[in-house]
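See below for the structure under consideration.
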Amino acid sequence: MKNIVFITILFIGSAVVLNWHSQWFIIPPVFLTILFIHPQAFQLFLKGKFVLFILLLLLGIPLLLGAKSANLMGISYSFEYFQKSLVMVNRSLIILLSIRMFTGKISPEQLSIWLKRLHLNNFSEVLSISMGVLPELKVITRESFREKNPSFKKTQLLKRFNNIIVNFMLRIVSFADQYYNDQKIKQKK
C-alpha cells in the first residue's frame, strides 16, 4: 500500500515538472512502470471517444491557435502550440494512469484504514453510499443530455444548452432529496 501511494505521488510530481525536453526521459519509465504494476490502466486507450478526445487536443489546438510556423502535407499549424498540447496531453495521461493504477491496486478496505490514520473515519460509509448512488446518477446524466427538445432551433444552441444544464441540475437535486428522505425512512424502521 505504501509503495503504491509513493509511486502515485512520484508520478503526479513528475507530471508537474514535465516540459518539452524532459518528457522524452520521463514518459517511457512512467508508462512502463504503470504497465508492469497495473496493465488494466491502459484499457482506456481502447475507448474510441477517449482516443478521439486526445487527438482533438493534440491536433486541434495547433491548427486553430498561434502563428502558423510549420507545414505538414500542405496544412499549416503552429509548432509552438503543438509542443504545448503534446506536453499537456502527456501530463494528463500520467495523472490519469497514475490514479487508475492507484485505485486498481488498493481495495476500499485498505484505503479506509489508511484514511482513518489521517482522521477521516467515515470514508467507508461515504464510499458505500457513493457506490450505491453512482449508477442512478449515471442514468440521470445520460437521460438529461440525450433528451431532445424540438422547440429549439439550431440557432438557439446557447438557450438549449442552458435548458439541458438546468434540467440536469433539477433532476440531481430531486434525486438527492428523494434519496435523503428514503434514508430517513430506513433509519426510522
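Please treat every number below as a calculation from the coordinates, not as lab data. Given the structure is predicted, the values throughout are model-derived calculations rather than measurements. Counting neighbours? That spans all protein chains shown, and the Cβs are built from the backbone with ideal geometry, glycine included.
A few remarks follow.
- Contact order relative to length of the range 7-85, as percent, for alpha carbon pairs under 8 angstrom and 6 or more apart: 20
- Most mobile listed residue (33, 141, 103) in the chain, GNM with C-alpha springs under 10 Å: 141
- Candidates 105, 138, 116, ranked by Gaussian network fluctuation over the chain, Cα under 10 Å, top entry: 138
- As a proxy for reagent exposure, 119, 38, 21 were ordered by neighbouring Cβ count within 10 angstrom, fewest first; the result is 119, 21, 38.
- With R₀ set to 25 Å, the beta-carbon distance separating residue 179 from residue 6 gives a calculated FRET efficiency near 0.10.
- Oblate is the label for the chain. Its Cα gyration tensor axes, ordered a ≥ b ≥ c, give a/c of at least 1.5 and b/c at or above a/b.
- Within the range 156-189: backbone nitrogen closer than 14 Å to the residue 136 label point (7 Å, Cα to C-beta): 171-187
- When the chain is treated as a Gaussian network with alpha carbon springs shorter than 10 Å, the biggest mean-square fluctuation among 139, 87, 17 belongs to 139.
- For the listed residue pairs 159/186; 47/84; 105/189, the alpha carbons are over 29 angstrom apart in 159/186; 105/189.
- Relative contact order (%) - the chain, alpha-carbon pairs under 8 angstrom, separation at least six: 20
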